[in-house]
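The values are calculated or read from the model by the stated rules, or taken from the named source; none is laboratory data. Computed from a prediction, not measured in an experiment: that's the story for all the values here. Here the Cβ positions follow ideal geometry from the backbone for every residue, glycine too, while neighbour counts run over all protein chains shown.
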């Protein structure tokens, strides 16, 4: 079983495919290493692609100590994974929870990032809804802590922002829900309480985001209501950001519309690797 050990002793399961410029995929709360299969197959033809399960998500370790979870630790796990695999620099592609981690990679470790993708990013960051978001985190953690994982997964999978996926692709949605039902209830609960609930909001990161220097692609579905404002905020705040809004698409965007997602990310990779991501801005300034 391919695995690496982090600097605090947690074992992370990973998979990789392909050769070339590295790409590291960072999954969402309801996902794991399998979330990125449409991207691993596509980008594995041209890049060295790595996907992994975060701590709290089997077959990675599920630490029992709540202090083992958090946004800073999630970011460090990506660094530890890259170090163990001897990857000095990579495209870092994150979705939802993973998008926050990808942003933190760009903020804390820009020298390790060729580019950053933040897909479905922004849940819980609206200042006017912060109290409600924290309560939602507590409710979700309680759901995963107290209910059988199959029941918790069934309820969580049917959040309104995911129902476009079910409507378009019932078979794909069923596979997503089945994957979620194989997660760890305690690991999910501790991730929600100690990472999701306690991470800084996007407005709290504004000063650092204004200094963001890595090419950034923000992708969001127009039916992903909780993430629309945050995605627009990133576009307005980050000087290197581009924004793609995908119509009739919800939160599970990497699986719901993989061709659209992959096409946009392919262009980012090409422009970032060639140094042309901001060519038009330089032209406008001349």
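Tell me, please, whether a residue that is under 20 Å from residue 9 (Cβ atoms), out of contact with any helix residue (DSSP H, G or I) (no Cβ under 9 Å at 6 or more places or on another chain) and surrounded by fewer than 18 Cβ atoms within 10 Å (Cβ to Cβ) can be found in the range 44-64.
no
Quickly run through the range 75-105 and pick out the residues that are within 16 Å of residue 272 (Cβ to Cβ) and either in contact with a strand residue (DSSP E or B) (Cβ under 8 Å, 6 or more places away or on another chain) or surrounded by 19 or more Cβ atoms within 10 Å (Cβ to Cβ) (or both).
Here is the first cut: in the range 75-105, the ones within 16 Å of residue 272 (Cβ to Cβ) are 87-94, 102-103, 105.
Those that are within 16 Å of residue 272 (Cβ to Cβ) and either in contact with a strand residue (DSSP E or B) (Cβ under 8 Å, 6 or more places away or on another chain) or surrounded by 19 or more Cβ atoms within 10 Å (Cβ to Cβ) (or both): 87, 89, 90, 91, 92, 93, 94, 102, 103, 105.
Look through 108, 130, 134 and report the one residue that is at pLDDT below 95, surrounded by fewer than 24 Cβ atoms within 10 Å (Cβ to Cβ), closer than 26 Å to residue 62 by Cβ and within 21 Å of the chain's Cα centre (by Cα). Show your work before the answer.
Details: 108 fails: at pLDDT below 95; 130 fails: closer than 26 Å to residue 62 by Cβ.
None of the other options fit; the residue is 134.
From the list 190, 161, which one is part of a helix (DSSP H, G or I) and in contact with a strand residue (DSSP E or B) (Cβ under 9 Å, 6 or more places away or on another chain)?
After applying the criteria, what remains is 161.
Within the range 245-262, can you find the residues that are under 16 Å from the mean Cα position of the chain (by Cα) and either more than 15 Å from residue 35 (Cβ to Cβ) or assigned to a helix (DSSP H, G or I) (or both)?
253, 254, 255, 256, 258, 261, 262
Being over 12 Å from residue 71 (Cβ atoms) and buried (at least 23 other Cβ atoms within 10 Å of the Cβ) is the filter; apply it to the range 190-201 and report the residue that is nearest to the chain's Cα centre (by Cα).
Within the range 190-201, the match that is nearest to the chain's Cα centre (by Cα) is 192.
Out of (1) touching a helix residue (DSSP H, G or I) at 6+ places or on another chain (Cβ under 8 Å); (2) not in a helix (DSSP H, G or I), the odd one out for residue 19 is which?
Failed condition: (1).
Which numbered condition in (1) surrounded by fewer than 22 Cβ atoms within 10 Å (Cβ to Cβ); (2) more than 30 Å from residue 174 (Cβ to Cβ); (3) in contact with a strand residue (DSSP E or B) (Cβ under 8 Å, 6 or more places away or on another chain) is the only one that residue 270 fails?
Looking at each condition in turn, residue 270 falls short on (3).
Give the residues of the range 215-239 that are within 12 Å of residue 117 (Cβ to Cβ) and part of a loop (DSSP other than H, G, I, E, B), sorted by residue number.
Matches in the range 215-239: 215 only.
Considering only the range 136-155, I want to know if a residue exists there that is part of a helix (DSSP H, G or I), under 24 Å from residue 246 (Cα atoms), in contact with a helix residue (DSSP H, G or I) (Cβ under 7 Å, 6 or more places away or on another chain) and without any contact (Cβ under 8 Å) to a residue 40 or more places away in the chain.
no
Do we find a residue being in a helix (DSSP H, G or I), under 28 Å from residue 250 (Cα atoms), modelled with pLDDT of 95 or more and touching a helix residue (DSSP H, G or I) at 6+ places or on another chain (Cβ under 7 Å) anywhere in the range 78-93?
yes
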